[in-house]
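Single-structure report; data block below.
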């Protein structure tokens, strides 16, 4: 009986993993899941900041690899997939052409507003709206200032400085935005 107990003890001792367990990921996840009281203003600020990071990063990448408007599909870029995963969002790049069939009504209204502002020489700024289904829509107008601004928008050659050539549309999860808010 003693022999069996000794063997069992030795087996148990060696079967236990004595390696260190990295708890930093668990601690980070636990911190992210704490209950937060976040104002609407903080969510909007986070959505604006996240949208800016996404669009700036992709704009830089598009210019860096010199994508033409004909061959441009931002969803084929690994960077787009990584950003969509990191920010739990959907990213789209639309031309200013009003024949866009895949715009949701909010995107269409914002694009119309950007076009109206350009025609009336008013400023166009990034926009953030709550779509009321746990999704926030960040949009950024793309105006023509240099030839590289027409990449991926399919803009024609008859454009002049200040014309609207496209719009970034980034749909962000409210849940993820709240998790990213630093208190």
Burial-style ranking of 170-178, 102-110, average other-beta-carbon count within 10 Å with highest first, yields 170-178, 102-110
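Highest mean first, what order results for 134-140, 36-42 on Cβ atoms within 10 Å?
Highest mean packing first, the order is 134-140, 36-42.
Any read-out appearing in this document is the output of simple, stated calculations on the displayed coordinates, not a laboratory observation. Computed from a predicted model, the values in this text were never measured in an experiment. Positions of Cβ are generated from backbone atoms using ideal geometry, with glycine treated the same way; all protein chains shown enter the neighbour counts.
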